[in-house]
Amino acid sequence: MTERDRPLPDVETIAAAYGVAADPAFGAVAPPLYLSSTYEFAGYERPRVYDYGRAGNPTRDMLADALAELEGGAGAVVTSSGMAALDLLAGGLRVGALVVAPHDCYGGTMRLLKARAERGQIGLRLVDQGDAAALDAALEASPALVLIETPSNPLMRVVDIAALAGRAKAAGAEVAVDNTFLSPAIQRPILLGADYVIHSTTKYLNGHSDVIGGAVVAADRGKAEQLRQWANVVGSAGAPFDAWLTLRGLRTLFARLERQQANAMAVAQYLESHRAVAKVHYPGLRSHPGHGVASRQQRGFGAMLSFELAGGVEAVRRFLPAVRFFTLAESLGGVESLVAHPATMTHADMGDEARAVAGISDGLLRFSIGLEAEKDLIAGLEEGLAACA
């Protein structure tokens, strides 16, 4: 059988083995880390594949290639953060181009898009993408880019990527999906019609809370090259060591998420039955309005969830110091369980009015579920919720 005839490896194999034993110099099993900022020319007017670290780096490119294969894309660019990845798309748009984004998107995403809109660099419409009439009205304005975040941060709202992408493209827009919450282990938006996938690689792809990074994966090879060139122009490329750590984290992505989402389901079911909890937002629950769509377009339900305490913000004040095994911190996707209060942490910059429109209450808490023993997480929750009584 020739190389061309061999079937492509499964995504689990790509994550575990991309770049393994690919070192031509010494046969190292683990991919080498190239830290050099500059590279020797072969001679006068004879640059090699790499000449300067901002434009290209072998370690960073190995991660980019792995992410492109995992997402089913044609190419990828690794950036210095998830925000840099989003801005690589937004900053490359023509002046005045309209961006349609979710009204309940991540606070940092909203902050960035509003800042560019206030400077007249883009137009911006924040829309409830689950509202067909509101979405149609936005699409009639001929947007250049429709940004999708599913599940949304922090309310875990789910939208049908294939259906929304079809409507957006019919209106002449490109489609970008923030896949940070699920990763390609659970959801592959390009296969559902997206033009771009955005990641904060800080989160599940790295998985160990020790890297800041981002990536954009493009479905089209030409668009991927344009993004790569623009990243060189604006200098948003990620650091080689961060790329190396992320590639190492990628090796265990599927194994981590399998355990984490099992823990998340147990936590969601426990919370749903507790009298101190008013509502649980987790697409894995049959009570979740997006459960059916999530079941179709995802391979699982992820390890992120949020819930409303019946006692509101006063219950939050009592819960947080009492809960065990959940660290009060921003970010997500690491091996440890975290709890965040969106109204005062991740979404504080939205302001009271925007949070109210989005449905983000002061009694809402967001969990990133880790790899701890299920029984310990439940026991820790019991202590926290007992303090709310």
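Every read-out reported here was derived from the displayed coordinates using simple, explicitly stated rules and does not represent laboratory data. Every value quoted in this text rests on a predicted model; they were computed, and no experiment measured them. Neighbour counts are summed over all protein chains in view; Cβ atoms, including those assigned to glycine, are modelled from backbone coordinates with ideal geometry.
By counting other Cβ atoms within 10 Å of each Cβ, how are Trp230, Trp244 ranked from fewest to most?
Trp230, Trp244
If the label point is 7 Å along Cα→Cβ of Ser142, which residues in segment 82-103 have backbone nitrogen under 15 Å from it?
Hits in segment 82-103 for Ser142 at 15 Å: 94-99.
Positive end of the dipole of the chain, charges at C-beta (+1 Lys, Arg; -1 Asp, Glu), about the Cα centre: which of Ala389, Asn153, Ser331 has its Cα farthest in that direction?
Of Ala389, Asn153, Ser331, it is Asn153.
Normalised by the residues of the chain, what does the relative contact order come to in percent, with Cα pairs under 8 Å and at least six apart?
Relative contact order of the chain: 17 percent.
Give the peptides 151-163, 313-325 in descending order of average Cβ contacts within 10 Å, highest first.
So the peptides 151-163, 313-325, ranked by packing, come out 151-163, 313-325.
How do Phe254, Phe41, Phe326 rank when sorted from fewest to most other Cβ atoms within 10 Å of their own Cβ?
Sorted ascending by nearby Cβ count, the order is Phe41, Phe254, Phe326.
Determine the distance separating the Cα centre of segment 221-275 from the Cα centre of segment 306-368; give it in Å without decimals.
21
Counting only helical runs of four or more DSSP H residues, what would the 222 nm mean residue ellipticity of the chain come to if each run contributes -39,500 (n - 2.57) and the total is spread over all its residues?
When only DSSP H runs of four or more count, the value is -11000 deg cm²/dmol.
So for segment 64-204, averaging the separation of alpha carbon pairs under 8 Å that are six or more residues apart and normalising by length, what relative contact order in percent results?
25
So between Glu272 and Val233, what do we pick up on full extension, going 0.36 nm a residue minus the alpha carbon distance?
9.1 nm
Distance between the C-alpha centers of segment 57-97 and segment 27-56? Whole Å please.
20
So what's the net charge close to Ala310: Lys and Arg +1, Asp and Glu -1, counting the other residues with Cβ under 10 Å from its Cβ?
With Lys, Arg at +1 and Asp, Glu at -1, the neighbours total +1.
Within segment 8-72, list the GluC sites (Glu not before Pro) lying in a DSSP loop whose Cβ has at most 16 other Cβ atoms in a 10 Å radius.
Counting only loop positions with at most 16 other Cβ atoms within 10 Å, the GluC sites (Glu not before Pro) in segment 8-72 are Glu40, Glu45.
Does segment 319-389 classify as rounded, prolate or oblate by the C-alpha gyration tensor (a ≥ b ≥ c root eigenvalues; a/c under 1.5 gives rounded; else a/b over b/c gives prolate, otherwise oblate)?
Oblate.
For Glu383 and Thr38, compute 0.36 nm times the residue count separating them, minus their Cα-Cα distance, and round to one decimal in nm.
118.7 nm
Please give the peptides 111-118, 211-218 ranked by average Cβ packing (other Cβ atoms within 10 Å per residue), highest first, as a rough proxy for protection.
Output ranking for 111-118, 211-218: 211-218, 111-118.
Taking H as built 1.01 Å from N, whose amide H comes closer than 5 Å to the amide H of Leu305, not counting residues under 5 places away?
Residues meeting the amide H criterion: Phe367, Ile369.
Output wanted: per-residue J couplings in Hz (rounded whole) for segment 306-311, from phi through Karplus 6.51 cos²θ - 1.76 cosθ + 1.60, θ = phi - 60°, x for Gly and Pro.
9, 8, 9, 7, 4, x
Can you sort Ser36, Ser368, Ser331 by how many other beta carbons sit within 10 Å, fewest first?
Ser36, Ser331, Ser368
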